[in-house]
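To keep things clear, I will list the structure first and then write my remarks on it.
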Amino acid sequence: MIWFLEGQSSQRDIILGAREALPAEVRIYASHRQERPEITGHADVSFIEPKDNQERIDWALETALSHAIKVLLVGRVGSVFEAQRARFESHGLQLVTGGTSLRTFELVDDKSRFTAEAERAGLACVPALTVSSAEELVAAYEQLKTQGEVCIKPSVGIYGQGFWRFKEQADPFRCFANPDAREVSFTTYLDAYGKSASQPTMLVMPYMPGSECSVDMVCEAGRPVAFLGRRKQGLHQTFEIDSTAVELAVQAAAHFQCDGLVNVQTRDDADGKPHLLEINPRYSGGIGYGRHTGINLPGIFATRRLGLSEPAQNWKPDVRVKAITVAVPAAN
């Protein structure tokens, strides 16, 4: 028995991928803190999770034991569960959080610590200067702008929230009229940052103009066993398995001791050389797209964790995928 707790919206794809690979007699459990039958309805058994993170720990442990569940994949707040790993393992349960210890989360959740550790390990990464005041922001910008375009993002965060490119020609109102462009003049940003009641820690970085590669992978105690890179090309996404970006992502996942279904993001510089952006110790929103290439990462994860024969990786090159919105009934 395997249980997929609340994760990204792609939790639905995780369940479908696992169901495709697992024998019919293996029951799949799924849960969410909201009523999401379009996600959990594809499992054999579904639950509504408690909203409080600490309450979820006790509930998850009790529920797993009462249903003879063997493997639990944590989709969100992996660090909260990781801190309680010993409790689950003492009952013979496999807890999969995204890392093998709290150190993984300490290093990857804070982007400044992640950058420092990647540089120490000799892994190519986007260099960054950490700032926590208007004065430090000015100094970092002045230092980097001589090298080209500069960008900024929070030291802690997901989904690219808080990322901005500094464009001196940007109209001061542009960031409000077209926020998706992620472009703002440095003076406008500095004025807002300086007036903030609490100035959050930010990373100031050179902007790399190349494309971004999002690498989804299955890891086991720091060992990547299956992986697939995705790039956005206009309206479509393309895939790769043996590029330098994928190789860098695999090395990073191993160094940071990732475990489970994780995602590593890289970005190419002007010469096409990939640099690490971040590691997400959880599956990505687009992990399900890979099934169209013949590589079923959720299925590989589920079968290996349960000691079953994993699905063959029938790699299909030159596949392009376009995501679409589909309406589904919300009733159970």
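Would you kindly identify the strands (runs of 3 or more DSSP E) lying entirely within the range 207-323 that contain at least 2 residues that are more than 30 Å from TRP164 (Cβ to Cβ) and among the polar types (S, T, N, Q)? Walk me through how you get there before you give the answer.
Details: elements: 212-220, 223-233, 236-240, 258-268, 274-280.
Correct list: empty, since no element meets the threshold.
If you check PHE105, PHE81, which single one turns out to be in a helix (DSSP H, G or I), in contact (Cβ under 8 Å) with a residue 40 or more places away in the chain, aromatic (Phe, Trp, Tyr) and surrounded by 14 or more Cβ atoms within 10 Å (Cβ to Cβ)? Before you say what the answer is, go through the steps one by one.
Values: PHE81 fails: in contact (Cβ under 8 Å) with a residue 40 or more places away in the chain.
The unique qualifying residue is PHE105.
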Single match in ALA253, ALA226, ALA221 (criterion: under 27 Å from GLU82 (Cα atoms) and in contact with a Pro (Cβ under 7 Å, 6 or more places away or on another chain))
ALA253
Checked against (1) crowded, with 23+ Cβ neighbours inside 10 Å; (2) more than 18 Å from the chain's Cα centre (by Cα); (3) within 21 Å of ARG304 (Cβ to Cβ), ALA60 satisfies every condition except (3)
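Does THR266 fit the bill of being farther than 29 Å from VAL204 by Cα, touching a Leu at 6+ places or on another chain (Cβ under 8 Å) and of a type in the set (Ser, Thr, Tyr)? So that I can check it myself, show each step before the final result.
Numbers: farther than 29 Å from VAL204 by Cα: no; touching a Leu at 6+ places or on another chain (Cβ under 8 Å): yes; of a type in the set (Ser, Thr, Tyr): yes.
Against the criterion (farther than 29 Å from VAL204 by Cα, touching a Leu at 6+ places or on another chain (Cβ under 8 Å) and of a type in the set (Ser, Thr, Tyr)), THR266 does not qualify.
Can you tell me which residues in the range 144-178 are polar (S, T, N, Q) and within 15 Å of VAL126 (Cβ to Cβ)? Outline the logic, then answer.
Going residue by residue through the range 144-178, those that are polar (S, T, N, Q) are 146-147, 155, 161, 169, 178.
Of everything in the range 144-178, those that are polar (S, T, N, Q) and within 15 Å of VAL126 (Cβ to Cβ) turn out to be GLN147, SER155.
Among the listed residues ARG267, ARG305, ARG291, ARG320, which satisfies the condition of being more than 20 Å from CYS213 (Cα to Cα) and charged (D, E, K, R)? I'd like the intermediate steps shown before the answer.
On the way: ARG267 fails: more than 20 Å from CYS213 (Cα to Cα); ARG291 fails: more than 20 Å from CYS213 (Cα to Cα); ARG320 fails: more than 20 Å from CYS213 (Cα to Cα).
The conditions single out ARG305.
Being of a type in the set (D, E, K, R) and either assigned to a strand (DSSP E or B) or touching a Pro at 6+ places or on another chain (Cβ under 8 Å) (or both) is the requirement here; does LYS153 meet it?
On the way: of a type in the set (D, E, K, R): yes; either assigned to a strand (DSSP E or B) or touching a Pro at 6+ places or on another chain (Cβ under 8 Å) (or both): yes.
The answer is yes for LYS153.
Quick note: the coordinates plus some simple rules give every number you see, no bench work behind them. Note that the structure is predicted; figures quoted are calculated from it, not measured. Neighbour counts are summed over all protein chains in view; Cβ atoms, including those assigned to glycine, are modelled from backbone coordinates with ideal geometry.
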